[in-house]
1. So who's got an amide H within less than 5 Å of the one on R153, skipping anything under 5 residues away but keeping other chains? H placed 1.01 Å off N, in plane.
2. Within 13 Å, Cβ to Cβ, of Y154, how many net charges do the neighbouring residues add up to if Lys/Arg are +1 and Asp/Glu are -1?
3. Distance in nm between label sites at A100 and W139, each 7 Å beyond Cα in the beta-carbon direction?
4. What pairs from K104/K140; K74/K138; K96/K138; K114/K140; K63/K138; K96/K140 go past 20 Å between their alpha carbons?
5. Per residue of the range 119-124, what does 6.51 cos²θ - 1.76 cosθ + 1.60 with θ = phi - 60° give for ³J(HN,Hα)? Whole Hz please, x for Gly and Pro, Karplus curve as stated.
Amino acid sequence: MQLASRLAALALVPLLVTAPAACGEDEPEMPPLTPEPGDALPAARSSAPPAAQSRAARLVLYKYLRGIAAGDTKVCAHLAPGYESATFPERGGCEKGLAAAKAKLRPQDVTALKSVTVPAAEAGPDEGEVTVAFEDLKWKAEPARPGGVLAARYTLARTGERWLITG
């Protein structure tokens, strides 16, 4: 019996030693938690789309903006029907309205569009879409002013094999 009571007393020693820590006095610091090998880590959400996706979409926006400066109606092929009718509501859509839209731009805006680049894009807002904010466009000189055909934000989505400006 003496052996059993001694073992029971020894079992209580760790509880007595840690009792003040449990009350908030001189609590020891825990080491940082580290994942164990084989643990699944949550996937990090990136706001950047995959490089190939971003490049193809940015190229479409680049062609569209430079095409506006040139007055080239071929850029109308880069517009989704909904975006085209919202941006060029006149009868005839983009092909008939592009010259009038370009004429409303300041001369320095047209000059700026001739040198615009699209260096970055963000994923979203929806799955498979890419967004470029106007302030993320790069200019060789003074930037163009947003307004009219120059949207504050461009959303592009893949439709079949092509990327189109959708919003």
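1. Those lying under 5 Å, H to H, from R153 are F134.
2. Once positives and negatives cancel, what remains is -1.
3. Taking the two extended label points, one gets 2.6 nm.
4. Table pairs above 20 Å Cα-Cα are K104/K140; K74/K138; K96/K138; K96/K140.
5. Rounded to whole hertz, the list is x, 8, 8, 10, 6, x.
None of the figures in this text is laboratory data; all of them are computed from the coordinates on show. Here the structure is a predicted model, which means the values were calculated and not measured. Don't worry about glycine lacking a Cβ; one is built from the backbone with ideal geometry, like all the others, and counts go over all protein chains shown.
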